[in-house]
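Report on one structure; see the data block that follows.
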Amino acid sequence: MYLHAQSDEREEGKYNDHGNLIISFAEEKNIPLYEDLEMGLTEDWYRRSDFIHLSDIGQEGMASILYEALRPVVRQELHSQSDLNARERLMDVK
């Protein structure tokens with residue numbers, strides 16, 4: 001799960017009540033949570049005069065965070081898929 005801070009949360013350095021509810025939910029359900037407030041979020045991530053929507057720089061920042069978070073998951077899935085394909089090929093040979 002990805003939690004994106006509003007600009008006022010970034011300025012204060014903490015999430016509001018809604019953000020804290022999301023954090024609590026993720027903790028209760030043991031869901032990995034990626035908080036951009038903790039991962040380099042800066043003012044230039046936002047569109048000018050917009051409190052939530054990301055600029056091109058912000059989109060790149062979010063993509064970088066998600067890429068790093070998902071890379072091990074994708075690698076594991078590809079590895080599992082590769083193992084499955086190898087087992088299937090062995091079964092075809094027999």
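Worth pointing out:
- Subset of the stretch 1-21 [out of contact with any Asp or Glu (no Cβ under 9 Å at 6 or more places or on another chain), in contact (Cβ under 8 Å) with a residue 12 or more places away in the chain and either of a type in the set (D, E, K, R) or surrounded by 11 or more Cβ atoms within 10 Å (Cβ to Cβ) (or both)]: MET1, GLN6, ASP8, GLU9, LYS14
- Restricting the stretch 8-37 to residues that are closer than 17 Å to LEU70 by Cβ and of a type outside the set (Gly, Ala, Ser), the residue that is modelled with the lowest pLDDT is ASP36.
- In the stretch 1-54, of all residues being among the basic types (Lys, Arg) and part of a loop (DSSP other than H, G, I, E, B), the one that is farthest from the chain's Cα centre (by Cα) corresponds to ARG48.
The values are calculated or read from the model by the stated rules, or taken from the named source; none is laboratory data. Note that the structure is predicted; figures quoted are calculated from it, not measured. We place every Cβ from the backbone using ideal geometry, glycine too, and count neighbours over all the protein chains shown.
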